[in-house]
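Worksheet: one structure, shown below.
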Amino acid sequence: MEWNRLYGKDRKPTLEEAGTFAGGLLSEDFMGFMAENCPAAPKLEYSGCTMQPGWNIKFKKNGKNVCTLYPLDGYFICMILIGGDAMAEMEARLGDFTPYIQGKFRDTRIFQGSRWLYLEMRDQAVERDLEELVFLKLRSMGLTPGPTPEKGKRTTREKGKGTTREKGKGTAARGKGKRNEDEN
């Protein structure tokens with residue numbers, strides 16, 4: 001059954017119901033990552049948008065959207081806007097991402113100064129890339145949970161811990177924002 005028919009405007013789902021509909025473990029893992037690394041709490045909102053109508057999960061901070069998750073049968077679509085400083089960093093690091101993300105980035109036209117990426121989250125490789133995009137987006141918003149990776153070095157999240165670790169470094173970056181890092 002389609003998400004927007006299962007949960008109409010008058011029947012608001014829970015975050016758990018959205019996660020279960022969208023695929024269980026993969027969505028639980030990503031939501032855990034967001035809870036630990038994103039300073040924006042998830043909020044269910046209803047949208048009548050013809051492209052993806054129904055309830056979605058938005059992560060907003062200071063009135064700005066970090067990303068939006070659209071539950072579909074067995075997976076999420078994540079919309080994330082990459083623009084400004086994030087666009088420059090993404091272009092510099094594009095080779096660090098999976099061919100799927102590289103293709104989506106290249107094929108998406110710039111609209112209002114950003115690339116509006118709609119990414120199907122169906123496997124762990126895309127999930128890991130999406131986590132990197134969230135970090136990139138947070139840094140561009142001044143809300144970084146960890147250091148900017150050097151070109152060619154990719155951060156990865158330790159499974160089940162929701163932290164980032166730069167390959168070969170052995171140190172974890174835990175939820176510190178730029179302000180806190182600068183004060184230390």
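The order of K12, K104 by accessible area, most exposed first and with a 1.4 Å probe, is K12, K104. Cross-linked pairs K61/K104; K43/K137; K43/K64; K12/K60; K9/K60; K9/K137: Cα-Cα separations exceed 23 Å for K61/K104; K9/K137.
Explain nothing, just the number: dipole magnitude of the stretch 1-144 about its Cα centre with +1 on each Lys and Arg Cβ and -1 on each Asp and Glu Cβ, in debye rounded to the nearest 20. Please report the intermediate quantities before stating the final value.
Numbers: 18 positive and 20 negative charges, 132 e Å.
Taking the Cα centre of the stretch 1-144 as origin, the dipole is about 640 debye.
With +1 on each Lys and Arg Cβ and -1 on each Asp and Glu Cβ, and nothing else charged, work out how big the dipole of the stretch 1-58 is about its Cα centre, in Debye to the nearest 20.
Computed charge dipole of the stretch 1-58: roughly 320 debye.
Of the accessible area of the stretch 1-79, with the probe set at 1.4 angstrom, what percent is carbon plus sulfur?
Roughly 51 percent, rounded to a whole number.
On a 1.4 Å probe surface of the protein chains, which of R5, R11, R115 comes out largest in accessible area, and what is the full order? Don't jump to the answer; show the numbers that get you there.
Numbers: R5 170, R11 115, R115 35 Å².
Of R5, R11, R115, the descending order of accessible area is R5, R11, R115.
Ranked by solvent-accessible area (1.4 Å probe, protein heavy atoms only, all chains present), the residues L6, L117 order from largest to smallest as L6, L117. Annotation for R5 and T20: the two label points, set 7 Å from Cα along the Cα-Cβ direction, are 2.0 nm apart. Surface calculation, 1.4 Å probe, protein heavy atoms: L15 sits at approximately 60 Å² accessible.
The values are calculated or read from the model by the stated rules, or taken from the named source; none is laboratory data. Computed from a predicted structure; not experimentally measured. Every residue, glycine among them, receives a Cβ derived from its backbone with ideal geometry; neighbour counts consider all protein chains shown. Accessible surface is based on the protein model in full, side chains and every heavy atom, while ligands, DNA and RNA are left aside. Shrake-Rupley method; radii C 1.70, N 1.55, O 1.52, S 1.80 Å.
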